[in-house]
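Participant: Have a look at this one.
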Amino acid sequence: MRLRLLFIFCVLIAAAALGWVFSRASRDDGPAKVSVWAENIDDLEQCCRIKSAKASLYDAYAATARREKKANAMCLFQALAASERIHEANCAEALRLLGGQYTPSLRRTADTTGTTARQVARAIVVERKLHDREAGEMIRRAMEKHNRYAARILTWTAASDLKHLILLEHYQSNAGHFPPDRGYAVCPHCGNTFDTAYCDPYCPFCMTADEEFVRYL
Ligand SMILES: [Zn+2]
């Protein structure tokens, strides 16, 4: 009888010791695990916020051009705003697939004063600054992690930003001298933007046929 009690006592002690070891092990996981994609998720989120801000800015610039009856500038800014929103949606989808979350900001963009000519000049400054500073590093970080999906989305946005810059500079140097049927087209999948006078039959970034392009004429 005494031996049986001793045996039960030992079993209870052993069970308690195991429970303590298990609870310590559960608590000592160390710092919270950081996603292997954390850096790429941060980059994609930053890209989303930049795109969102630029889309709002270009919407406001399109409204200025409408008031000034500058149809070509209005179409250009409408196309740029649409392109930026496609980029924002693509980056948001990419970061969600990597385990991140994106909540669109309600922040309004700042300086929307001035004439269309001044706003075109300001847009050129913005596009130049962002293209030089951000895009290459984000793509490099995605490629370092062998994340070709994030790299492709970021490459689409960077290449489109360069197209935006070219279109803005072209407008600036030809303002007021466009044929009335001249406009802009946007690929609905990757946001690539075209002058309709030089539209490819397929989007060279994502191979979408030009019948699917959204036109701003
Ligand atoms: Zn495309």
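Participant: Evaluate region 107-125: report whether one residue or more is open to solvent by 50 Å² or more (accessible area, probe 1.4 Å) and within 16 Å of the ligand (Cβ to nearest atom).
Facilitator: No - not one qualifying residue is present in region 107-125.
Participant: Only one residue in LEU217, LEU167, LEU154 is more than 23 Å from the chain's Cα centre (by Cα) and either within 30 Å of THR115 (Cα to Cα) or crowded, with 17+ Cβ neighbours inside 10 Å (or both). Which one?
Facilitator: Within the list LEU217, LEU167, LEU154, the selection yields LEU217.
Participant: Pairs needed: first member in region 200-211, in a loop (DSSP other than H, G, I, E, B); second member anywhere, more than 8 Å from the ligand (Cβ to nearest atom); C-beta distance under 6 Å; at least 6 residues apart or different chains.
Facilitator: PRO201/ASP210
Participant: Another question, if that's okay. Of LEU76, LEU57, LEU3, which residue is surrounded by 20 or more Cβ atoms within 10 Å (Cβ to Cβ), at pLDDT below 95 and in a helix (DSSP H, G or I)?
Facilitator: LEU57
Participant: Please state which of the following conditions LEU130 fails to meet, knowing it meets all the rest: (1) in contact with an Asp or Glu (Cβ under 9 Å, 6 or more places away or on another chain); (2) open to solvent by 40 Å² or more (accessible area, probe 1.4 Å); (3) at pLDDT below 90; (4) not acidic (Asp, Glu).
Facilitator: With respect to (1) in contact with an Asp or Glu (Cβ under 9 Å, 6 or more places away or on another chain); (2) open to solvent by 40 Å² or more (accessible area, probe 1.4 Å); (3) at pLDDT below 90; (4) not acidic (Asp, Glu), LEU130 is out only on (2).
Participant: Further question: Here is a list of conditions, (1) open to solvent by less than 80 Å² (accessible area, probe 1.4 Å); (2) modelled with pLDDT under 90, and ILE50 meets all of them except one; can you say which number that is?
Facilitator: (2)
Participant: So which residues in region 79-97 are small (Gly, Ala, Ser) and either touching a residue at least 24 places away in the same chain (Cβ under 8 Å) or crowded, with 23+ Cβ neighbours inside 10 Å (or both)?
Facilitator: The initial filter retains those residues of region 79-97 that are small (Gly, Ala, Ser), namely 79, 81-83, 89, 92, 94.
Of everything in region 79-97, those that are small (Gly, Ala, Ser) and either touching a residue at least 24 places away in the same chain (Cβ under 8 Å) or crowded, with 23+ Cβ neighbours inside 10 Å (or both) turn out to be ALA79, ALA81, ALA82, SER83, ALA92, ALA94.
Participant: Looking only at residues in region 174-206 that are of a type in the set (S, T, N, Q) and surrounded by 14 or more Cβ atoms within 10 Å (Cβ to Cβ), which one is farthest from the ligand (Cβ to nearest atom)?
Facilitator: Here the answer is THR196.
Participant: From the residues in region 207-216 that are under 15 Å from LEU80 (Cβ atoms) and of a type in the set (A, V, I, L, M, F, W, C), which one is farthest from the ligand (Cβ to nearest atom)?
Facilitator: VAL214
Participant: Looking at region 183-217, which of its residues are in contact with a helix residue (DSSP H, G or I) (Cβ under 6 Å, 6 or more places away or on another chain) and at pLDDT below 90?
Facilitator: CYS199
The values are calculated or read from the model by the stated rules, or taken from the named source; none is laboratory data. Since the model is a prediction, treat every value here as computed from it, not as a measurement. Heads up, the Cβs are rebuilt from the backbone with ideal geometry, glycines too, and the neighbour counts pull from every protein chain shown. Side chains are part of the model used for accessible areas, which takes the heavy atoms of the whole protein and leaves out ligands, DNA and RNA. Shrake-Rupley method; radii C 1.70, N 1.55, O 1.52, S 1.80 Å.
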